[in-house]
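A.B. asks: Here's a structure for you.
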Amino acid sequence: MSTHSDTHEHHNTPGLQHQFEDMKQQEDSVSIGMWMFLVQEIMFFGGLFTVYLVFRSQYPMAFAAGSNHLDAFLGGLNTLVLIVSSLTMALTVYYAQKGNRNMQVILIVLTMIFGAAFLGVKAIEYTDKYNHGLVPVTGLNKKIKEEKTAGHSVGHSSEHEKPCYEVDHNAPVVEHPNPKGEFLWTDCSLAKLGLDTNTLTVAEKNGYFSNDKIDANKFRDKVRIFFWIYFVMTGLHALHMIIGLGLMAWLGWKAFRNTYSSEYYMPVEMSGLYWHFVDIVWIFLFPLLYLLGRHFLH
Amino acid sequence: MQTQEAIVQGLAAEPKLNYLTNGWTIRSWLLTKDHKRIAIMYLISVSVFFFIGGLYAGAIRLELLTPASDLLESGTYNKVFTQHGILMIFFFLIPSIPAILGNFLLPLMIGAKDLALPRINLLSLYIYWAGGALVLFALMQGGVDTGWTFYAPYSTTFSNTYVMLVGLGIFINGFSSILTGLNFIVSIHTMRAPGMTWFRLPLFVWAHYATSLVMVLGTPVIAITILLLALERVGKIGIFDPSIGGDPILFQHLFWFYSHPAVYIMILPGMGVISELISNFSRKKIFGYEFIAFSSIAIAVFGFLVWGHHMFVSGQSMYAGLVFSFLTMVVAVPSAIKVFNWTATLYKGSISFDTPMLYAIGFIGLFLVGGLTGLFLGAMGLTVHLTDTYFIVAHFHYVMVGGQVIAYLGGIHYWWPKMTGKMYSEFWGKISAMLIFVGFNLTFFPQFILGYMGMPRRYAAYPEELQVLNIFSTAGASVLGFGLLMPVVYLGHSLIFGKAAGDNPWMLPGLEWRTASPPPTENFEKMPVVTWEAYEFGEESGLDLEGARKRDAEATAAT
Amino acid sequence: MQNTSWVPLFPEQASTFAWQVDLLYVYLIVVSVAFTIPIVAAVFFFAIKYRATEKYATPDEMHGSMVLEVAWSIIPFVISMTIFLGGAIIYYQQFTPPADSMDIYVVGKQWMWKVQHETGQREINALHVPVGRNIKLTMTTEDTLHNFDIPAFRTKADVVPGRYTYMWFNATKPGKYRLYCAEYCGLNHSGMGGWVYVMEQRDFDNWLSGNVSGQTPVEAGKDLFENKIGCASCHAGGPTQRGAKLEGIFNQDVKLVGGATVKADDNYIRNSILNPASQIVEGYQPIMPTYKGQVTEEQLNSLVAYIKSLTPNAAAGMTAPAAANTATAPATNANSTPAANKPTAKPLANSSK
């Protein structure tokens, strides 16, 4: 083919890019490309999973304590939401192959609604952490002046004397003083109970104790590591989700313009791959962060 | 006409739009989808970073002329060696051959119009610029002093320099690497011309395939490591800070998990170039083609398993050390196989000593030393003595400069006629190659001795008894620096005054030589159909050797 | 040159590991040369013998040889396994301190080494050990990573914050051997060195009980200042100077951060060593660590005597007139002995770095 007839052929085939000879080559290329991209994303999240696993195996009690302060119901709800959104996404691909414009658009919108719902639930969770002093960065928690609290205030918040409050899980939540918006681990029931040193790991034996007594500050530091990992992993995941929503918006617009048909539906399929990947990452995140070590009965 | 017919008829190339003349506006360059233009833009950018990194190297060697820290304060010296490492590794060595020669040649070698994903290619260039600009900005603000290895807790807690800004620049730049690798993998799978089977591919392509696997799989891990480092600095998390329960060794594991495969990202493309040079300048098929191809893949795979050999004295367990040492020995074997195969290729060849071939022969010697000293460092009992000394510095400069940079320069010289359509001065090319070889050895061989004597690395001041060897090293560095600057002059000169190269100045069988120099934007007038095996230098691969001999005779008669 | 080894390219062999490591090194050099020479020779030989005699030649095809490929895969692999074994044997020894080792504790910190013997004796940037005994170092760091490196013993180990790391050796030859920090740790990484002193058992016992024979207090103080305690690394002048100049300060008025002015008398010097944070000279950073608990009273006296000796006529009680507000130029030599014939002592006020 000379250059001239080449262009002619390309104009006849919708969506065919100039560097490809035919649609099959293009489809193969974008497919391999998207899979390689997802493999790379797996390595990216894999690093974080590794860090999580290293610390969980070193400080299981602190991580279990952290897990208990995540809302497993909301997490489970989000899991369900994402799984259903993957269903609507898969159906979108099906209808794109069929060239059914209306169903495509409806399903893309539904997928976006579920995606937005996921992000909304995440926002609720993050706000909850903000309110309870569980964000591991000083200043990013709700600042509560000392006078506002009723009882329970013990000492002032200096670096070395942060108090450790008993939390009764059946009683209403009590707000503790937090003038600087610090990370304020409030549940020391585990620490107060006195840990059975036979079940502790080597790292825990060094990490929770000072002078052979449980050190609330040191325990809190390990819980803080849990929350850091929680925020970084779910935050990165949410970022990918937001990108996914943007992708869906673009896809929805193109679908509305009837771009996709049985001859040309790869962008839908590739977007579907991305969406499923984001879903699968959550499927791993949820049990590891929310469920491991959880006490369902207090 | 640039087709086979034209070559057969002995007609000179007609002036026609080539990729350089096809559009003169800045816009046509900055928004191009042409892999060749992207390669040229990479060439310019990468050379800038090489130059700046080289200036830092000069400062290091000048300071080390005397035992005391007199030219540079130790704080400044710490920044200088850190920035030398960062610029050279992330902004020169890793992109150099893949982003320049790989981008330019891969589609030509497989007989395609372009890479599979041209816009991704352009994005990868933009990302490289963004990351590079950020790092340069950070350097101007005051730079970093953590060492290119960013070990915690110094980098997380103690350093007062612009760690996060530089980290962000490297993080961004990583995606440039990932996208290039991704593009290459896809293209090699789907864009090969009819008849171009996997085992007819030039070994340059195999090398880039293996490199791309490492780029795609390894780079995300350094990305997440840098991200965690930045978060630790900002939020004082405690992932790497032991006072809050973190683990500095975890940083080292995460860091080296990428950074060891990274060295294979650097050397594999160089080996690909050498395979091309040795074969083509001996006019003989590479000996053991499949073995070289598979050993590239083996190096890429095994390269992921040996990261712990950077951590033998770090406090990791003895058993981990044993495993990593064993695997390090294993990963050396494929490289040895390559060296033997290259040497065997020369046997009964028809060898010409053009400048690229000088670089290739230099590579074999220098890579041999570099690789063998890697065995020294993989041997555990010995490496305890050699770790963190100048022996390490000498080892990695032998493989990275003596290996990769030599291969890069050889490749640039070899494909210069194809990329620019001009021939450079062979005389100056040879002089410069020899100066580089001599200067390089004089710079780095004394450092092996210094290392065994115990001189630690990253030292601004050292004991007096080590001064003589340091003086040799600095003397060598001046020769090396001069030798490296020479190509800028004569290659630049050739752009304006060089002789026209013609399509195939050496009458070589690779597909890149079957089109004009410089090639047209769409690469081939007519898409090739491959019916010959790789590295066939005779007429059966469609080369018109008779015609070339006739033309040569006419040219000599005319003068 | 510090080393007197018969091979000038090797550090002295001063531990039980040293000859083994050197042997493995030599073996590796032999292997390397054994591979390099034939390959380089082959390359040169082929390059000359098979140089192109005609342009565009087409030599006979030769695709490969399975026999050769297998041979040059297996043989290098086997050789690399011997290297691995040799290395592993030495490494195993390096990693298993004998049970009867004498324990010494090492703490690295930016930028010095603090060593403590079991009997309580402390040292800075120095390690005294008896010859022929197994010594095990239990080490950690107060801040960043460092590495305790003794090339003459062919061993080193990182020190890691938050945990202990270990290394051991058995010194075979009395003498003085260099100690380096071999893990980059910031500003004064290259200055964080010292000496390991290997002594006969009797001399070591002497040393342990504090008997430093035959030195005057000023000589002892100079030795402490320049070598054993390492004051010189910050106070000696030159580009690494971080601490106040001590030449000529005795009995001068010193301006402190916060405005107060004190006289630099015996007590001032003593207090600067034991509690430096309480009196920072104006224009300097509060980075001097305290040496409380690390110097004996006897050593304190020696140090004060030495610092006094840096001011001419100090012993006689005469002091030179202080010139106000003159900036002092940093000394250009690393030696702290005051220049002879300097008539005026310059005050420390307004000296900036």
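The values are calculated or read from the model by the stated rules, or taken from the named source; none is laboratory data. Since this is a predicted model, take the numbers as computed values, not measurements. Reconstructed Cβ throughout: ideal geometry from the backbone, glycine too, with neighbour counts over all protein chains shown.
A.B. asks: Looking only at segment C:176-192, how many residues end up being more than 8 Å from chain B (Cβ to nearest Cβ) and not in a strand (DSSP E or B)? If you could, list the steps in order and put the result at the bottom.
C.D. replies: Step one: of segment C:176-192, the residues more than 8 Å from chain B (Cβ to nearest Cβ) are C:176-177, C:179, C:192.
Retained after the next criterion (residues that are not in a strand (DSSP E or B)): C:192.
Qualifying residue count, segment C:176-192: 1.
A.B. asks: Something else about it: Scan A:217, A:258 and give me the residue that is surrounded by fewer than 18 Cβ atoms within 10 Å (Cβ to Cβ) and either within 13 Å of chain B (Cβ to nearest Cβ) or acidic (Asp, Glu) (or both).
C.D. replies: Details: A:258 fails: either within 13 Å of chain B (Cβ to nearest Cβ) or acidic (Asp, Glu) (or both).
Just one listed residue meets the conditions, A:217.
A.B. asks: Is it fair to say residue C:161 is free of Cβ contacts under 8 Å to residues at least 40 places away in the same chain and either facing chain B (nearest Cβ under 10 Å) or not aliphatic (A, V, I, L, M) (or both)? Talk me through it step by step, then tell me what you get.
C.D. replies: Working: free of Cβ contacts under 8 Å to residues at least 40 places away in the same chain: yes; either facing chain B (nearest Cβ under 10 Å) or not aliphatic (A, V, I, L, M) (or both): yes.
It is true that residue C:161 is free of Cβ contacts under 8 Å to residues at least 40 places away in the same chain and either facing chain B (nearest Cβ under 10 Å) or not aliphatic (A, V, I, L, M) (or both).
A.B. asks: Restrict the check to segment C:73-88 and report whether at least one residue is at the interface with chain B (Cβ under 8 Å from one of its Cβ atoms), free of Cβ contacts under 8 Å to residues at least 60 places away in the same chain and part of a loop (DSSP other than H, G, I, E, B). Give the steps one after another, and end with the answer.
C.D. replies: If we filter segment C:73-88 for residues that are at the interface with chain B (Cβ under 8 Å from one of its Cβ atoms), which is where we start, we get C:73, C:76-77, C:80-81, C:83-84, C:86-88.
Filter once more, so that each one left must be free of Cβ contacts under 8 Å to residues at least 60 places away in the same chain: C:73, C:76-77, C:80-81, C:83-84, C:88.
So of that shortlist, the ones also part of a loop (DSSP other than H, G, I, E, B) come out as none.
No, segment C:73-88 contains no residue that is at the interface with chain B (Cβ under 8 Å from one of its Cβ atoms), free of Cβ contacts under 8 Å to residues at least 60 places away in the same chain and part of a loop (DSSP other than H, G, I, E, B).
Residue-by-condition table, conditions (1) surrounded by fewer than 21 Cβ atoms within 10 Å (Cβ to Cβ); (2) aliphatic (A, V, I, L, M); (3) closer than 15 Å to residue A:260 by Cβ; (4) touching a residue at least 12 places away in the same chain (Cβ under 8 Å):
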| site | (1), (2), (3), (4) |
| --- | --- |
| A:91 | yes, yes, yes, yes |
| A:94 | yes, no, yes, no |
| A:97 | yes, no, yes, yes |
| A:102 | yes, no, yes, no |
| A:108 | no, yes, yes, yes |
| A:123 | yes, yes, no, no |
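A.B. asks: Anything in segment C:43-72 that is more than 7 Å from chain B (Cβ to nearest Cβ) and of a type in the set (S, T, N, Q)? List them, or say none.
C.D. replies: C:53, C:65
A.B. asks: Just a yes or no: is a residue in segment B:393-401 outside any helix (DSSP H, G or I), among the small types (Gly, Ala, Ser), farther than 30 Å from residue B:497 by Cβ and in contact with a Ser or Thr (Cβ under 8 Å, 6 or more places away or on another chain)? Break it down stepwise before answering.
C.D. replies: First, the residues of segment B:393-401 that are outside any helix (DSSP H, G or I): none.
No, the conditions are met nowhere in segment B:393-401.
A.B. asks: Select from segment C:21-34 the residues that are at the interface with another protein chain (Cβ under 7 Å from one of its Cβ atoms) and surrounded by 19 or more Cβ atoms within 10 Å (Cβ to Cβ) and write down the one among them that is nearest to residue B:451 (Cα to Cα).
C.D. replies: So the first thing to find is which residues in segment C:21-34 are at the interface with another protein chain (Cβ under 7 Å from one of its Cβ atoms), and the list is C:21, C:24-25, C:28, C:32.
Pick out the ones that are also surrounded by 19 or more Cβ atoms within 10 Å (Cβ to Cβ) and you get C:21, C:24-25, C:28.
Numbers: C:21: 14, C:24: 16, C:25: 12, C:28: 15 Å.
Across segment C:21-34, the extreme among qualifying residues is C:25.
A.B. asks: Could you tell me whether segment B:351-369 includes any residue that is of a type in the set (Ser, Thr, Tyr), surrounded by fewer than 22 Cβ atoms within 10 Å (Cβ to Cβ), in contact with an Asp or Glu (Cβ under 8 Å, 6 or more places away or on another chain) and not in a helix (DSSP H, G or I)?
C.D. replies: Start the filter on segment B:351-369 by keeping residues that are of a type in the set (Ser, Thr, Tyr), which leaves B:352, B:355, B:359.
Applying the additional criterion that residues be surrounded by fewer than 22 Cβ atoms within 10 Å (Cβ to Cβ) yields B:352.
From what's left, in contact with an Asp or Glu (Cβ under 8 Å, 6 or more places away or on another chain): none.
No; the residues of segment B:351-369 include none that is of a type in the set (Ser, Thr, Tyr), surrounded by fewer than 22 Cβ atoms within 10 Å (Cβ to Cβ), in contact with an Asp or Glu (Cβ under 8 Å, 6 or more places away or on another chain) and not in a helix (DSSP H, G or I).
A.B. asks: Name the residues in segment B:509-541 that are part of a helix (DSSP H, G or I) and more than 14 Å from chain C (Cβ to nearest Cβ), would you?
C.D. replies: Taking segment B:509-541 first, the residues part of a helix (DSSP H, G or I) are B:511-514, B:539-541.
Once the filter is applied, which keeps residues that are part of a helix (DSSP H, G or I) and more than 14 Å from chain C (Cβ to nearest Cβ), segment B:509-541 yields B:511, B:512, B:514.
A.B. asks: Exactly one condition in (1) surrounded by 16 or more Cβ atoms within 10 Å (Cβ to Cβ); (2) free of Cβ contacts under 8 Å to residues at least 40 places away in the same chain; (3) out of contact with any strand residue (DSSP E or B) (no Cβ under 8 Å at 6 or more places or on another chain); (4) part of a helix (DSSP H, G or I) is not met by residue C:47; state its number.
C.D. replies: Going through (1) surrounded by 16 or more Cβ atoms within 10 Å (Cβ to Cβ); (2) free of Cβ contacts under 8 Å to residues at least 40 places away in the same chain; (3) out of contact with any strand residue (DSSP E or B) (no Cβ under 8 Å at 6 or more places or on another chain); (4) part of a helix (DSSP H, G or I) one by one, residue C:47 breaks only (3).
A.B. asks: Mind checking which residues of segment B:269-289 are modelled with pLDDT of 95 or more and of a type in the set (Val, Ile, Thr)?
C.D. replies: Hits for segment B:269-289 are B:273, B:274, B:278.
A.B. asks: When the residues of segment C:89-108 are narrowed to those that are within 26 Å of residue C:289 (Cα to Cα) and surrounded by fewer than 18 Cβ atoms within 10 Å (Cβ to Cβ), which ends up nearest to the other protein chains (Cβ to nearest Cβ)?
C.D. replies: C:107
A.B. asks: Quick check on this structure: which one of B:181, B:169 is among the small types (Gly, Ala, Ser), under 30 Å from residue A:21 (Cβ atoms) and surrounded by 21 or more Cβ atoms within 10 Å (Cβ to Cβ)?
C.D. replies: Numbers: B:169 fails: under 30 Å from residue A:21 (Cβ atoms).
Going through B:181, B:169 in turn, the sole match is B:181.
Okay, residues lined up against (1) outside any loop (DSSP other than H, G, I, E, B); (2) away from every other protein chain (no Cβ under 11 Å):
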site	(1), (2)
B:217	yes, no
B:222	yes, no
B:225	yes, no
B:233	yes, yes
B:239	no, no
B:252	yes, no
B:257	yes, no
B:264	yes, yes
B:285	no, no
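A.B. asks: Regarding segment B:460-467, can at least one residue be identified that is in a helix (DSSP H, G or I) and either among the small types (Gly, Ala, Ser) or crowded, with 24+ Cβ neighbours inside 10 Å (or both)? Explain how you work it out, then say what you get.
C.D. replies: If we filter segment B:460-467 for residues that are in a helix (DSSP H, G or I), which is where we start, we get B:464-467.
Of the ones still in play, those that are also either among the small types (Gly, Ala, Ser) or crowded, with 24+ Cβ neighbours inside 10 Å (or both) are none.
No - not one qualifying residue is present in segment B:460-467.
A.B. asks: I'm trying to understand the selection: among the residues of segment B:313-334, which are more than 8 Å from chain C (Cβ to nearest Cβ), surrounded by 19 or more Cβ atoms within 10 Å (Cβ to Cβ) and either β-branched (Val, Ile, Thr) or closer than 16 Å to residue B:388 by Cα (or both)? Explain how you work it out, then say what you get.
C.D. replies: Kept after step one, since they are more than 8 Å from chain C (Cβ to nearest Cβ), are these residues of segment B:313-334: B:316-317, B:319-320, B:323-324, B:327-328, B:331, B:334.
From the residues that got through so far, the ones that are surrounded by 19 or more Cβ atoms within 10 Å (Cβ to Cβ) too are B:324, B:327-328, B:331, B:334.
Across segment B:313-334, the qualifying residues are B:328, B:331.
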